[in-house]
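Visitor: To start, I am sharing the structure in question, which I have written as structure tokens.
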Amino acid sequence: MFDKILIANRGEIACRVIKTARRLGIDTVAVYSDADRDALHVALADEAVHIGGPAPKDSYLRGARIVEVAQQTGAQAIHPGYGFLSENADFARACEEAGIAFIGPGTGAIEAMGSKSAAKRIMEEARVPLVPGYHGDDQDPALLRSSAEDMGFPVLLKATAGGGGKGMRQVWSAEEFDEALAAAKREASASFGDDRMLVEKYLTRPRHVEVQVFCDSHGNGVYLAERDCSVQRRHQKVIEEAPAPGMTEELRRQMGETAVQAARAIDYRGAGTVEFLLDEDGSFYFMEMNTRLQVEHPVTEMITGQDLVEWQLLVAAGAELPLQQDEVVLRGHAFEARVYAEDPEQDFLPQTGTLQFLQPPEENEHVRVDTGVLQGDEISVFYDPMIAKLIVWDEDRSRALRRLASALSDYRIGGTTTNLDFLYNLATAAPFMNADLDTGFIERHRDLVFREREQDIKQDLPAAALALLLVRQRETRAEAGDPWSPWQDSGGWRLNEAHRQLLQIHCHQQDFDVWVERRNNGYCVSWQDQQAFINGSLDGDTLLLEREGHRQRAVLASTSEGFILYGQDGACPFHALSPDTGESDAGSGGGDLAAPMNGTVVTLLVDAGTQVAEGTALMVMEAMKMEHTIRAPKDGTVEQFFYQPGDLVDGGAELLQFAAAGDA
Ligand code: ADP
């Protein structure tokens, strides 16, 4: 076994690898960029070496520099994690040439699976079933289009070099084909420097079921059951589980053996994942093979009781696989939820920000939190906005799912918008509890997973108003100085305060005038034509609430923008409006044409002066490797663009001047 390894990655996966290495008595070397000087992975490793600027190309993608660091520090092997250099054959080769073990498959296998279309050709020969489609070298747009027409719409365009859902577009009709092809190609060349495409029949109700395989260099290969990753947004996984609900022993064996056969076809070594689409009739089709550890590997670890990073290290050091196929035993059910800094209400737009408040649920034998951040850390534009992976396990699916919901409601993050509420809504949605899954789940159940705003306001606004009132009382008392004075009673209404107070609160994207009136044993909170009776007290950051005899506990966190109230059903950010502004800044009419976040302008799609119809795509921005199209809010004229392709733009900045038709 190795004495020392280098981890060519950052964030949660670097921390994850370090944990196993430490348990096995292996020393670790971390590498870090300027943005990660104080990052958790740097603190956890035995040694850490600075490798460059914050942009991945200046640090985590500098293969030659990383190999050099491994040599200097005497690391015998490099673990690439996932993303960055993990599927880069040149990097694996550079490691080999430097006499350092690459913890992953051989370069041949990486190359074979690196192109989705070449992979499909290999799998076709190995008699692994494929989704019908075109994966040829000829990239003539007319040919791509006619092959789409031949197989019939809908089709899916995929970048052959793709990954992470980038460069992928659904096309529902021939009319949409050209625009979709251009957009997919642009995204692919920006992300992978390669805009070749393949065209596939788009299955309308498949499940994403993938098989974990492992091979060693002694000819052994096993599968460690499967994971169902059907719950996706933008074709990216949100919640994964193992085993796949409804899986029969027979189908598991068929898919498992097919996956091992696929791995053998490319002389595979180490951990790999063979992704399949499982159709409603039980037929399954090879989609791609990921030649690395997957983000969602923990659910497999939870049900098999194995440490997959340990397996990777063993195989890379030349040992045999720890288990034979018939020794793999499955127990219970596991879920993983990916906690992201993103705004589900804005089409899952990645968010940045400082994690001013971070309180994960307590870890125990049922709950595991894989993360790479601490309170105070920054979610920056440079890296993936994943904050953590929340993993739960229990004896069966419904118990595990209850654990997931409860751990999610205990997870508290302030300082950036997250998908926590959205995940909670997913975990408690009836069709999800019934395991009625397919990749269109989120789209089909929008009403369940995006919460009813009216209901939220009724629930949250009175609590927010009371919290604000109690905070202000506390501040006034602190200013008054004497904490022991009889006037400082925490539940009380100060004598010199008005009987009825007006608070102006912004919550759930709206501004409210809220009247709070003292009643015998509580407060009457009223807004618009609504009212609610509530009582409570604030003890440190815990808000005790009582409504109609129902007592609940919530946590109040303060952030630079205001407050966040974490209740039973999720988080409610709110802030008091300062009396002199009175109106929100979104009212200027330009809101729709502002940059959704910090990013880069990719392309302008119309000329200044052009008249356009509502919904016309006007320009494309890129942020965190995803493209965002800015569209005309109404019929009108684009008068001027304020930015050109390549320009960096701050979130919120006005992008262009637009005159709506009919306006003077
Ligand atoms: P990437 O490597 O970019 O993540 P994949 O090829 O793994 O892309 O596909 C990601 C997801 O897209 C799949 O999990 C599935 O939900 C969906 N998908 C891919 N191919 C098809 C298809 N032919 N029909 C329907 N959905 C598909």
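The values are calculated or read from the model by the stated rules, or taken from the named source; none is laboratory data. Only a predicted model underlies this, so the values are computations on that prediction, with no experimental measurement involved. We place every Cβ from the backbone using ideal geometry, glycine too, and count neighbours over all the protein chains shown. Note: accessible area is taken over every heavy atom of the protein model, side chains too, but ligands, DNA and RNA are not part of it. Shrake-Rupley method; radii C 1.70, N 1.55, O 1.52, S 1.80 Å.
Visitor: Give the residue list of GluC sites (Glu not before Pro) in the stretch 613-643 that are DSSP loop and have at most 12 other beta-carbon atoms within 10 angstrom. List each step's numbers first, then the result.
Guide: Numbers: sites: Glu614, Glu622, Glu627, Glu639; in loops: Glu614.
Passing sites in the stretch 613-643 are Glu614.
Visitor: Are there trypsin sites (Lys or Arg not before Pro) in the stretch 224-265 that DSSP marks as loop and that have at most 14 other Cβ atoms within 10 Å, and which are they? Let's see the in-between values first.
Guide: Details: sites: Arg227, Arg233, Arg234, Lys237, Arg252, Arg253, Arg264; in loops: Arg234.
Passing sites in the stretch 224-265 are Arg234.
Visitor: If you don't mind, there's one more thing I want to ask. For Lys201, go through the lysines and keep the ones whose alpha-carbon is under 29 Å away, minus same-chain ones fewer than eight residues off.
Guide: Lys116, Lys120, Lys158, Lys166, Lys185, Lys237, Lys625
Visitor: Two decimals, Cα atoms only, Kirkwood Rh: what is Rg/Rh over the chain? Could the numbers behind the result be given before it?
Guide: On the way: Rg = 27.0 Å, Rh = 27.2 Å.
Rg/Rh: 0.99.
Visitor: Go from 0 up to the bin containing the longest alpha carbon distance in the stretch 593-660, width 5 Å each, and give me the % of pairs per bin.
Guide: Final binned percentages: 4, 20, 32, 25, 14, 4, 0.
Visitor: Using packing as a proxy for protection, rank 512-518, 269-275, 82-88 so that the peptide with the highest average count of other Cβ atoms within 10 Å comes first. Please list the in-between numbers first.
Guide: Numbers: 512-518: 17.3, 269-275: 24.4, 82-88: 20.7.
Order by mean packing, descending: 269-275, 82-88, 512-518.
Visitor: Quick one: ranking Lys458, Lys120, Lys19 by accessible area, 1.4 Å probe, largest first, what do you get? The partial results should precede the final answer.
Guide: Numbers: Lys458 100, Lys120 5, Lys19 120 Å².
Order by accessible area, largest first: Lys19, Lys458, Lys120.
Visitor: Over all alpha-carbon pairs of the stretch 139-258, lay out the pair-distance distribution in 10 Å bins, whole %, shortest bin first.
Guide: All Cα pairs, binned at 10 Å, distribute as 13, 33, 29, 21, 4, 0 percent.
Visitor: Which peptide among 545-553, 301-309 comes first, and what is the full order, when sorted by highest mean count of other Cβ atoms within 10 Å? All intermediate terms of the calculation are to be shown ahead of the outcome.
Guide: On the way: 545-553: 12.1, 301-309: 20.0.
By packing density, highest mean first, the sequence is 301-309, 545-553.
Visitor: Just the number please: accessible area per residue for the chain, 1.4 Å probe, all protein chains included, in Å². Before the final figure, lay out the partial values.
Guide: Working: 28520 Å² over 664 residues.
Per residue, the chain has an accessible area of 43 Å².
Visitor: In Å, what Kirkwood hydrodynamic radius results for the stretch 340-452 from the alpha-carbon pair distances? The partial results should precede the final answer.
Guide: Numbers: mean 1/r = 0.0672 Å⁻¹.
The answer is 14.9 Å.
Visitor: Take each of the peptides 50-58, 557-565, 409-417, average the number of other beta-carbon atoms within 10 Å over its residues, and list them starting from the highest. Please report the intermediate quantities before stating the final value.
Guide: Numbers: 50-58: 15.3, 557-565: 17.9, 409-417: 22.1.
For the peptides 50-58, 557-565, 409-417, the packing ranking is 409-417, 557-565, 50-58.
Visitor: Using the Cα atoms as the points, what is the convex hull volume per residue of the stretch 96-195 in Å³?
Guide: 124
Visitor: Could you give the spread of the C-alpha atoms of the stretch 4-103 along their three principal axes, from largest to smallest, in whole angstroms?
Guide: That gives 31, 29, 23 Å along the principal axes, largest extent first.
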